[in-house]
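Note sheet for the following structure.
The values are calculated or read from the model by the stated rules, or taken from the named source; none is laboratory data. Being a predicted model, the structure only gives us computed values, none of them experimental. Backbone-built Cβ (ideal geometry, glycine too); neighbour counts: all protein chains shown.
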Amino acid sequence: MGTAAEALVTTDLTVGGMTCAACVRRVEKRLGRLDGVTATVNLATGSARVSHPRGIEPAELVAAVEGAGYTAALPEPPERQKEAERGEPDDGSEGTRQERDRLVITALLSVPVLALSMVPAWQFRNWQWLCFALAAPVALWGAWPFHVRALRGLRHSAATMDTLVSLGVVASFSWSVYALFLGGAGEPGMTMPFTLLAAAPDGAAHLYLEAAVGVPLFVMAGRFLEARARHGTGAALRSLARLAVKEVAVRDDEGERLVPIEELRAGQVFVVRPGERVATDGEVVEGSSAVDLALVTGEGEPVEIGPGSPVVGGAVNAGGLLLVRATAVGADTRLARITRMVTDAQAGKARAQRLADSVSGVFVPVVLSLAVTALGFWLGAGADPQAAVTASVAVLVVACPCALGLATPTALMAATGRGAQLGVLVGGPRALEGLRHVDTVVLDKTGTLTTGHMTVARLTAAPDGPGREEVLRLAGAVEQGSEHPLGRAVVSYARRAAPDRPLPEVSDFTAVAGRGVRGRVDGRLVEVVAPDGELPEPLAAALRAAENTPHTPVLVRVDGVPAALVEVGDVVRAGSFRAVERLRRLGVEPVLATGDREAPAHSVAADLGIGTVHARCTPEDKAALVRRLREDGRRVAVVGDGINDAAALAGADLGIAMGSGTDVAIGAADVTLVRGDIEALADAVRLAGRTLRTVRANLVWAFGYNVVTVPLALVGLLNPMLAAVAMSVSSLLVVGNSLRLRAWQPSTAKGRRR
């Protein structure tokens, strides 16, 4: 075997021909037969995410799916994907047109049959033969896709929802043919009352042509509406894809030229005119403006930017002309990562859905057994044969595994799409379930509760050191390689202090998470670290003063000798107080854990009403704190934005990264707050609760519907045509309930969620 030791890769497949949860189960089982392969199949998106050893080629995966009786293909080439991302409608595809035309023609043929069969007063002489002439094309041609898929499943020893529909149509139409030609129902002047029950009036031959046309008509109409509704659940993802621009105006030595976005490279400068979208992630080189990030991050207010400001691809330039240097292109952009996270989230399954899929795996065979049992029981009890056939057909038609298969994926698609619009990226069902049950959240301070836009408040230089200007130049140079807000503040202050003097290059740069940075500048070892050890009196006095303020002091050492103490200040985010208060009302206890000193940590905690504070935490300390809380039975979430938070994020029940944070933090997190606002966390908790309630409601309906309607059909209390209506409506109700999440609006929590 040996595959367990092999590195696994992930391949996405587009799967065609699936119509119910039984199909999902079958595809997953067939792929799982390959050595080392696991698969998650999504009915709502018609896709499969397959994890497999490198030794297994994608063609083998496609062959396995086709061996189960379905179609499979690798994702479309980039050219076709770009067409889809640009919002070109797919309603004009050949397959879609054929399905729509088949539905329209079936409806035109079926409506007269339904009307004549259900309204005895309209039944004229030989009406039954007109109905037969109209019903025959429906039962054969209209229902042909059901028959084909049923036969395909039979060849692979599988039974799906199409098997039930096909058998129902064949049985009801065959009985009607018998009644017309051999049972006396073809006599001129024959009339037939309409009944909701599976009993024949006065023993006369009864036609079930209304069931033969009604079953395929209502199932086809239900699936058509269901597909349109499911298309709506992915609207947010498609709107994200449409934010990508097609062409970009690049400016270089040759002047300005328009090139396809695919040809743009990192480092090139491009033009963004007022009203245009920013082509890709970059940094403003020239110009000032305000950009609208609402469609990218959910941030409602335009953000003012200028030279040196970062911009996000997809944002709308609401003001002046901008020159932007591209810093990331293609799959590396923030918009691409957002789209990828939403797509990945929609590929997952909640625990409840896995249970539903397991049930669906045996659902159809059980229904077939019940239909045969009903037929035998009615005949054995001496009932009229047509009543027995009617009960059996009703059982076949009314059973619906479709709703089981759609219960979770449609809700998840709608919720993740809505979350993306609100600036909350949820990593999948596990993250949603984790958000719903979190009772403790460990919050970082800098960049999470505070803006992270820190500024240098004071610099105290040692009397016998290199001097204030030289120390600031050296410290700014070495901090150029740091991602921490403290470092960025020092760099910004150094550049403002000497705007005409560029900072020197740094070599041998090293960042120690939670401690500081070091490197060589002009041949000198420069360290910017947390204060420790013996300090000269001026620096010691400055440190004592800083410890009584919210400022954070950092020590600059040059060649191992303390040279200056820099005090850096930060401000609390505008929404942090509301966010902490909303979390508390939702039953979540906030805990502050920061690498900063006691004074600034307790100052921020007091401002926000946080009672539990852990200061001077190293990355190991944060991870240990999370571990202790979990050992105490807490369900812990961690919110952070830096490399020093990555270990705690990964060790928590749920990791939540600020979208403005580092790639390491985002990569270790289950949820990303794209809009960089801690208040989005409370929105995420409430959205998770609403989503899981929707999933539970969907599953209760899906299971409850079958528990109620199948027994009714068994005892002859359900007409096959009404059974077809009920079956179609059950799927539509599940999808419609999920679509309500698209309109969900965040609001202040009134009380505990539990």
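Things to note:
- Out of PRO463, PRO485, one residue alone is more than 15 Å from VAL517 (Cβ to Cβ) and touching a residue at least 24 places away in the same chain (Cβ under 8 Å). It is PRO463.
- SER93 vs. criteria hydroxyl-bearing (Ser, Thr, Tyr) and either in contact with a helix residue (DSSP H, G or I) (Cβ under 6 Å, 6 or more places away or on another chain) or at pLDDT below 60 (or both): yes
- Within segment 117-143, the set of residues being under 16 Å from GLU187 (Cβ atoms) and of a type in the set (A, V, I, L, M) comprises LEU130 only.
- Residue in segment 728-747 that is assigned to a helix (DSSP H, G or I), closer than 16 Å to MET161 by Cα and at pLDDT 85 or above present: no
- Positions within segment 698-727 being outside any helix (DSSP H, G or I), of a type in the set (A, V, I, L, M, F, W, C) and buried (at least 22 other Cβ atoms within 10 Å of the Cβ), in sequence order: LEU718
- Scanning segment 527-561 for residues that are closer than 21 Å to ARG473 by Cα and touching a Lys or Arg at 6+ places or on another chain (Cβ under 7 Å) yields a count of 6.
- Restricted to helices (runs of 4 or more DSSP H) entirely inside segment 599-673, those with at least 3 residues that are at pLDDT below 85 and of a type in the set (Gly, Ala, Ser) are 646-651, 663-668.
- Residue within segment 40-47 that is in a strand (DSSP E or B), crowded, with 18+ Cβ neighbours inside 10 Å, of a type outside the set (Ser, Thr, Tyr) and under 26 Å from the mean Cα position of the chain (by Cα) present: yes
- Condition check for GLY142: modelled with pLDDT of 85 or more and in contact with a helix residue (DSSP H, G or I) (Cβ under 6 Å, 6 or more places away or on another chain): yes
- Residue satisfying condition, being at pLDDT 85 or above, crowded, with 17+ Cβ neighbours inside 10 Å and of a type in the set (D, E, K, R), within set ARG26, ARG30: ARG30
- Pairs with Cβ under 8 Å, 6+ apart, first in segment 518-531 and without any contact (Cβ under 8 Å) to a residue 24 or more places away in the chain, second of a type in the set (D, E, K, R) and assigned to a strand (DSSP E or B): ARG520/ASP508
- Here is the figure for segment 128-140: residues that are in contact (Cβ under 8 Å) with a residue 40 or more places away in the chain and under 16 Å from PHE181 (Cβ atoms) total 6.
- Residues of segment 9-23 that are under 16 Å from LEU164 (Cα atoms) and either modelled with pLDDT of 85 or more or part of a helix (DSSP H, G or I) (or both): ALA21, ALA22, CYS23.
- Selection status of VAL259, at pLDDT 75 or above and in a strand (DSSP E or B): yes
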